[in-house]
Structure formats: structure tokens, C-alpha cells
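The structure under discussion appears below in the form of C-alpha cells.
The values are calculated or read from the model by the stated rules, or taken from the named source; none is laboratory data. Not measured: the values here are computed from a predicted model. Every residue, glycine as well, gets a Cβ built from its backbone with ideal geometry; the counts of neighbours run over all protein chains shown.
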Amino acid sequence: MRAVITVIGKDAVGILSFVSAKCAESNINILEVTQSILQDLFAMIMLVDIDKSTKELTEFSDELTALGRAKNLSIHTMHEDIFNSMHTI
């Protein structure tokens with residue numbers, strides 16, 4: 001199974017690092033990453049493999065959301081199927 005992590009906020013050093021570290025702590029493998037910086041706005045989408053995760057997706061999602069709040073970022077995590085359904089016309 002795969003999930004999608006999105007991160008949006010003011011650009012700062014280490015955003016990719018702390019999100020990827022959180023994935024590693026939960027045994028979540030990062031498959032693809034795309035990121036962009038527009039002036040001072042940081043935007044990133046990660047596709048991750050959650051098959052061997054040590055946490056339930058909801059728990060992991062809640063942890064990333066809390067981490068984002070602490071860093072003044074919007075971080076959302078959702079199952080790939082939900083992400084695809086939301087973006088299909």
C-alpha cells in the first residue's frame with residue numbers, strides 16, 4: 001500500500017529532512033519526492049510505501065500533522081486511493 005504526504009508552508013532549512021526522518025522512524029519507505037519553492041513558499045509531495053510501517057496510517061498522519069503545526073507547516077497524509085479519488089474528475 002502507498003500513501004501521499006503533502007507539505008506546504010514557508011520555506012526553511014530541513015523540511016525534507018525532518019519529514020523523511022519521521023518516515024524512517026516508522027519504517028516507511030519514500031518512493032518518490034517532488035518539491036518546489038516559489039519565492040518563500042515551500043511545496044512538497046511524497047509518495048511512500050506503508051506496507052512495512054510500524055504504525056497505523058492514522059497514527060502516523062496525526063504525528064506528521066502535529067509536527068507540521070509545530071513547524072508552522074501544513075502536512076497532510078492520506079492513503080493513495082483517497083488521494084487519487086479526490087483528484088479524479
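Observations
- Unique residue being more than 11 Å from the chain's Cα centre (by Cα), aromatic (Phe, Trp, Tyr) and within 14 Å of Phe18 (Cβ to Cβ) when the list is Phe83, Phe42: Phe42
- Of all residue pairs spaced 6 or more apart or on separate chains, those with beta-carbon atoms under 8 Å, a first member in region 5-24 that is in a helix (DSSP H, G or I) and a second member that is acidic (Asp, Glu) and surrounded by 15 or more Cβ atoms within 10 Å (Cβ to Cβ) are Lys22/Glu63.
- Unmet requirement for Ala70, which otherwise passes all of (1) at pLDDT 95 or above; (2) in contact with a strand residue (DSSP E or B) (Cβ under 7 Å, 6 or more places away or on another chain): (2)
- Residue match in region 21-40 (condition: buried (at least 16 other Cβ atoms within 10 Å of the Cβ), modelled with pLDDT of 95 or more and of a type outside the set (A, V, I, L, M, F, W, C)): yes
- Breaking point among (1) more than 16 Å from Leu73 (Cβ to Cβ); (2) over 12 Å from the mean Cα position of the chain (by Cα); (3) not basic (Lys, Arg), for Ser36: (1)
- Filtered residues of region 41-54 (kept if among the hydrophobic types (A, V, I, L, M, F, W, C) and exposed (fewer than 13 other Cβ atoms within 10 Å of the Cβ)): Leu41
- Just so you know, in region 65-89 the residues that are in a loop (DSSP other than H, G, I, E, B) and at negative phi include one that is surrounded by the fewest Cβ atoms within 10 Å (Cβ to Cβ), and it is Ile89.
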